[in-house]
1. With a 10 Å Cβ neighbour count serving as the proxy for reagent exposure, in which order, fewest first, do Val248, Val167, Val270 appear?
2. Along the Cα→Cβ direction, 7 angstrom out, place labels at His220 and Leu296. What is the inter-label distance in nm?
3. For each of Arg49, Arg185, Arg343, count neighbouring Cβ atoms within 10 Å of the residue's Cβ, then give the residues from fewest to most.
4. Run through the stretch 187-250 and list the trypsin sites (Lys or Arg not before Pro) located in a DSSP loop whose Cβ has at most 12 other Cβ atoms within 10 Å.
5. Hey, fewest Cβ within 10 Å first, where do His196, His279 land in order?
6. Full extension from Gln64 to Val248: what is 0.36 nm times the residue separation minus their Cα-Cα distance, to one decimal in nm?
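Derivation of every value follows stated rules applied to the coordinates shown; laboratory data play no part. As the structure is a prediction and not an experimental result, all values here were calculated from the model. Using ideal geometry, Cβ is built from the backbone for each residue, glycine included, and neighbour counts are taken over all protein chains shown.
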Amino acid sequence: MLLLTSSILFAQQGTDWKTQGNTADSTAFIGTTNASSLILRSNDVERMRISESGNVGIGVDDPQTALDVEGDIQLTGDIIFKGYEDLQEPYNRFLMIDKTGKSTSVKMKEMKAFMSWEDCYDIQDQITFNGETGTTTIVAGTYASWAPRIQGTKSILYTGSECSAWVGIGTDLPMTKLDVIGAGRFTKGVKIGEQHIEKSGLYIENYINSNGSNTTYFDHLIMVKDESGGKLLQLNNDGLLRAREIKVDLEAWPDYVFEEDYNLMPLNKVKSFIEENGHLPNVPSAQKVETNGLNLGEAAKTSMEKIEELTLYLLEINDKVEKQEVVLNEQSKLLEQQKETIRLQQELILELKNLTNKN
C-alpha cells in the first residue's frame, strides 16, 4: 500500500483513490483481495481492523464477533435491536446481562419473578442505571470477601426499604420474595406474621387476605410432609394438631404404685373424694384443664397411675373373691353332708314306722 499526499494507489488495479473523494463505480472498493485483514492505523498505531472473516475489531487484533471492542463505548443515541419490533408488548422488555457477560431480554411479567420493581417506579419511563432507580439505590455485584462463603458466580442484591427485591438462594428464578432451594439456618428465630414477638424462636400468625375475601392466608399454620407427600405433621387454624406419633420424655413413670410402701387409698375414701370434688385424686379438674391446658406427658403419667391403682383394687377384690370361694366351697361340702345326714335320718324313721305297723 502506497500513501500519497493526494491519492491512494492500488497497484494491482491501477486505480487512484483521492483523499478528497472521487467517483467510483459499483466494482470499486478499498480492501484486500486475499485472506488478509484490512488494517487502519493512526500515528502508526493500529486502531481498527477488519478480519478476513469480516469481523470488525477496535483495539483487538483478532476480533471474534461482528464487532469486538476493547475499551469504552460512548453513545449519544439508542441501541436498536432488530427483531423486537414485531413482538407483542416490546416495551415490556428489560435488557439484562447474564453471568457470561451476554445480553438477554426479559419480559416484564418474567422480571416480576426476580424482583418487584414495578412497585417502585414506572419501568417504561423512569429506569436509569446511574446508581439510582427512582428514589431507591440498587447495588449489585459479586464481592470478593464473600468468596469463602459463596461458591461460583453469585450476586448480592440490595434495593433498600422502598423497593423490596425477590431474592433467590440456590435458584435463578425465585417465586417469592425469599426463595431458598436447600437447607437454611436461623440463629435468632423465625417469625411469620405481622406482629413482632420478642424472644420467640418460632412464631406463626395467620392473617386475613388483602383481596377482600376476608379469608385467612394460610390453610394450615404448619404442614410437614415426607418424601412421598404423606402428611407427618399438621396444625390447623382451629388448633387441631395431627401427627403420626408423639413421643414425650418423662423423668419418672408411676411404677411406684406397685411398691409395698405405696399408700393406696381405700375405695370408700375414693368414693368420698369423688362425691366431694367431682374428679379422681391426683387428677386435675375440668376447670383447671380448660384454664391451663393439659400436659400430655403428665396426663399419660397420671392415667397410668390410675390404671395401676385400678389393677391393685382389682387384685384386692380378686383376693377377697377367692377367699369367699374357699368359704363357699367349705359351706357347700357341709351342706352336702347335712343333706346326707337328713336322708339317712329319713330312711331310719321310715323303717321304724314299718316295724311299728307290723307289731
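1. Val248, Val270, Val167
2. It works out to 1.6 nm between the two label points.
3. Placing the least packed residue first, the sequence is Arg185, Arg343, Arg49.
4. Lys188, Lys199, Arg244, Lys247
5. If I rank by nearby Cβ atoms, fewest first, I get His196, His279.
6. Going from the current span to full extension adds 59.3 nm.
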